[in-house]
Each structure stands twice: as structure tokens, then as C-alpha cells.
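Encoded as C-alpha cells, the structure appears first; notes follow it.
The values are calculated or read from the model by the stated rules, or taken from the named source; none is laboratory data. Please read these numbers as outputs of a predicted model, since none were measured by experiment. No Cβ is skipped: glycine too gets one built from the backbone with ideal geometry, and neighbour counts run over all protein chains shown. Heavy atoms of the whole protein, side chains included, go into the accessibility calculation; ligands, DNA and RNA do not. Shrake-Rupley method; radii C 1.70, N 1.55, O 1.52, S 1.80 Å.
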Amino acid sequence: MAQVALKNISKEFEKGVFGIKDANIDIADGEFVVLVGPSGCGKSTTLRIIAGLEEASEGEVFIGNKMVNDVPPKDRDIAMVFQNYALYPHMNVYQNISFGLKLRKYDSKEIAARVKNAAEILDLTNLLERKPKALSGGQRQRVALGRSIVRQPSVFLFDEPLSNLDAKLRVQMRTEISKLHNRLKTTMIYVTHDQVEAMTLGDRIIVMKDSIIQQTDTPMNLYNNPVNKFVAGFIGSPSMNFIKGTLRKRDVYTLDDGSVVIKLQNGMPDSLSSFVDKEIIMGIRPEDITLSDSNNGIPLTIEVSEMMGNEIYLYMTTGSSSIVSRVPPDVEVEEGGNVMVDFNFSKAHFFNPVTEEKI
């Protein structure tokens, strides 16, 4: 096992075009860290620089206490799992898992012991004689994992390994990877565009956008304390609602979006005072919006109702603002109907509309 550190790492593909820009990352020994962000944000480039498949334009990469900028990938003591399984179709599961060890001239008894251990961890013991064509997608991905496990590397690198699987298999494999980390206690770095994978797998999450790290934190801190509008909107499903309007203050703060005036509760952050009579963006999560039992709520019109089984997503509008709420499955609502809702303002977030930084 080993810690991983990136110091002032940048990758410039051509003049002014960066894959990653001035990144500083510290990953502890045995930690599971997820790099997440939209396509093109630089997360895979970061992983490839750690692996040695991409050369950094600036900065230093450390694995353990050793700088590895000039160390070839095969000597970095890492194992990488890609989204395509890259299994040899003419080899059975045992041969696929053991192939890398044979190339490294390991003793046959050592190979057999390592393959047996990996097969037990991944529930592949009864599949060792099968060829890849006789395996399901989830089983093939487990074989790819087994090929990495037998290497016993200091660091595992995962590049969107579940993106080719269907929804049910993705959930199953997320569980398998979590169990694998709990058992091996090896440093793992995982790249995904799926924020649900990030939230469920990572000890810490690194959120990236436009080649720049936006925030690094635990899943719950990212969810509850996003540093800017992008992180707030990217983490959470359905994503956070944003209402842009002018902040006023008489007896209490109000937010006027041009079609409705939302009265905020007492105890709003002192930092809002500098935005009075200016535009701000209020963010509030779907679970913090509830149907009101009184006429003092905020009037909304239901556009679409989505039954999810254990809850209902209500897509609503109020003039210029669109809002999503999560309500219990037994609530009776009609598309096109009007409702009153309450906001839990203690859970609201406020953002500067120019910088999009949290106020």
C-alpha cells in the first residue's frame, strides 16, 4: 500500500488547452478517493498521469515517498482497471487472471495461490474454466478486477469500470468494489462521471470542472457544504434547485424572482446583508421542499409527476423558476394542479450570481 500525492500538476495538450491545471492532491495510504466530474473535466487525464500513461507538463507525482515522474508505468506498482474488460477471448478465466504473473516469471505455485485467493474474493472459483464469451458483463468485470488483484499492487486505479454495465449490475459491482476495498485496505483511486457512484464508494471525493479541482471533501460535506454552485448542482440526485432573484429586506429577507416573492425565515446568514437589493441565487435540495398544509406556502404548478416507487418526484414551476421536490409515494397530486409548498430555509444555500461562489 502507498500514499499518492500530486504537487502542482498541469497537463497542457496544446497552447492554452489543459487536461488538468495546477492540481494538488494528497491521498492517504489505504484511502478510497473518487475523481468525479462531467466529460472533459480532466479526471481521466489525472488518473493517466498517476499511472504514467500520460506525462505531466508541470509538477511532481509521488507514489509512496518516491517521485515517479520518470518511472515507467510497469514499475510504478499500480494496477489499472478500465471500462472495457480487455480479456483474451481464447483464454479461460484462470489464464486471463494469471497471464500478467506469467509474464513476470512468477513460480507456478505462487500463481495458483494468488489466483485461488482472487477467485475466492470475487466469487469466481466455479468459473475458472470458462471462456469470456460464456460470462455475463458483471462476471467479466470481476475477472478484470481479479487480474489486478493478483498483482498485489500498492495502488488500484479504476477508469470508469462500470460504465458498460446495466443499472442493476452497476449497483452489484459497486458493492463488490466496496467489499474489495474493505478487505484489501489498498489505496484506490476511482474515476467516474456518475455522482451516485462517487457518493457511495468514496472516503473522499474530488470534484472537477474544466480541468480544475473545485472541491475535495467527504461525501456528506460535499452534499451539505458545497463551495460553489457547480458542486451544489452536480452532487445529489435529483440535483439542487436554483432560484435566481433580487434579495430585499424589510422586517425579514425576501427573494423576488420576478413572479413570486419568497419570504425567508429569520436566522439567515449575516453574509447576505451585502447583497440586499442585488441579485443572488438560492439553492435548495428537493427533499427540503414539502407540500404545505396551510395557505402561507409558496404557490407552484405541477408540470410532471414521476412515481419512483418509494417516493414521487414533482417537477413544478412558479413563474420563471422550475423546482423539483421529493414527496412520499402516498401523496395525491395531479399534473397541471396548483399546490402550496414550504421550503426548509435552514438547509438553503446562497450563491453569488457572478462568481457562483457560496455566499
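Which of the residues that make up the range 313-326 are in contact with a Leu (Cβ under 6 Å, 6 or more places away or on another chain) and either modelled with pLDDT of 95 or more or aliphatic (A, V, I, L, M) (or both)?
M316, S325
If we only count strands (runs of 3 or more DSSP E) wholly inside the range 118-224, which ones have 1 or more residues that are of a type in the set (S, T, Y)?
187-192, 212-217
What tally of residues in the range 130-155 results from selecting those that are open to solvent by 20 Å² or more (accessible area, probe 1.4 Å), within 21 Å of E110 (Cβ to Cβ) and either touching a helix residue (DSSP H, G or I) at 6+ places or on another chain (Cβ under 7 Å) or not polar (S, T, N, Q) (or both)?
2
Scan the range 90-114 and report the pairs whose first residue is closer than 24 Å to A134 by Cα and small (G, A, S) and whose second residue is open to solvent by less than 20 Å² (accessible area, probe 1.4 Å) and assigned to a helix (DSSP H, G or I), with Cβ atoms within less than 9 Å and a gap of 6+ or a chain change.
If the second residue must be open to solvent by less than 20 Å² (accessible area, probe 1.4 Å) and assigned to a helix (DSSP H, G or I), the pairs left are S98/I111; S98/V115; G100/S148; A112/S98.
Checking E120 against (1) in contact (Cβ under 8 Å) with a residue 12 or more places away in the chain; (2) within 30 Å of the chain's Cα centre (by Cα), which single condition isn't satisfied?
It is condition (1) that E120 fails.
Among the residues of the range 334-359 satisfying the criterion of being in a strand (DSSP E or B) and either open to solvent by 70 Å² or more (accessible area, probe 1.4 Å) or of a type in the set (S, T, Y) (or both), which is nearest to M308 (Cα to Cα)?
By that ranking, first place goes to N338.
Sort through F158, F230 and tell me the only one that's of a type in the set (F, W, Y) and closer than 18 Å to Q141 by Cα.
Criteria check complete, one pass: F158.
Quick one: is D288 closer than 30 Å to T45 by Cα and of a type in the set (D, E)?
Considered against the rule, which asks whether it is closer than 30 Å to T45 by Cα and of a type in the set (D, E), D288 comes out as no.
Among F99, F18, which is part of a strand (DSSP E or B) and either among the polar types (S, T, N, Q) or on the phi < 0 side of the Ramachandran plot (or both)? Show your work before the answer.
Values: F99 fails: part of a strand (DSSP E or B).
After ruling out the rest, the residue left standing is F18.
Does V331 fit the bill of being modelled with pLDDT of 95 or more and either basic (K, R) or not in a strand (DSSP E or B) (or both)?
Criteria not met by V331.
On the basis of being of a type in the set (A, V, I, L, M, F, W, C), under 24 Å from the mean Cα position of the chain (by Cα) and open to solvent by 20 Å² or more (accessible area, probe 1.4 Å), does M282 make the cut?
no
From the list N295, N310, N266, pick out the single residue that is open to solvent by 50 Å² or more (accessible area, probe 1.4 Å), at pLDDT 90 or above and part of a loop (DSSP other than H, G, I, E, B).
Numbers: N295 fails: at pLDDT 90 or above; N266 fails: at pLDDT 90 or above.
So the residue among N295, N310, N266 that is open to solvent by 50 Å² or more (accessible area, probe 1.4 Å), at pLDDT 90 or above and part of a loop (DSSP other than H, G, I, E, B) is N310.
For the condition open to solvent by 40 Å² or more (accessible area, probe 1.4 Å) and at pLDDT 90 or above, what is the one hit in K185, K179? Write out each step before concluding.
Details: K179 fails: at pLDDT 90 or above.
That would be K185, the only listed residue that is open to solvent by 40 Å² or more (accessible area, probe 1.4 Å) and at pLDDT 90 or above.
If we keep just the residues of the range 269-279 that are of a type in the set (D, E) and either in contact with a strand residue (DSSP E or B) (Cβ under 8 Å, 6 or more places away or on another chain) or under 19 Å from S239 (Cα atoms) (or both), which is surrounded by the most Cβ atoms within 10 Å (Cβ to Cβ)? Steps first, answer last, please.
The first filter runs over the range 269-279 and keeps only residues of a type in the set (D, E), leaving 270, 277, 279.
Now drop any that are not either in contact with a strand residue (DSSP E or B) (Cβ under 8 Å, 6 or more places away or on another chain) or under 19 Å from S239 (Cα atoms) (or both), which leaves 277, 279.
Details: D277: 8, E279: 15.
Selected residue: E279.
Output the residues belonging to the range 313-333 that are open to solvent by 40 Å² or more (accessible area, probe 1.4 Å) and either in contact with a helix residue (DSSP H, G or I) (Cβ under 6 Å, 6 or more places away or on another chain) or within 29 Å of T246 (Cα to Cα) (or both).
Across the range 313-333, the qualifying residues are Y315, G319, S320, S322, R326.
Do we find a residue being under 17 Å from E160 (Cβ atoms) and part of a strand (DSSP E or B) anywhere in the range 50-68?
Scanning the range 50-68 turns up no residue that is under 17 Å from E160 (Cβ atoms) and part of a strand (DSSP E or B).
Can you name the residue in the range 44-58 that is open to solvent by 10 Å² or more (accessible area, probe 1.4 Å) and in contact with a strand residue (DSSP E or B) (Cβ under 7 Å, 6 or more places away or on another chain) and is also nearest to E12 (Cα to Cα) among such residues?
S57
Looking only at the range 71-86, decide whether some residue is open to solvent by 70 Å² or more (accessible area, probe 1.4 Å) and free of Cβ contacts under 8 Å to residues at least 24 places away in the same chain.
yes
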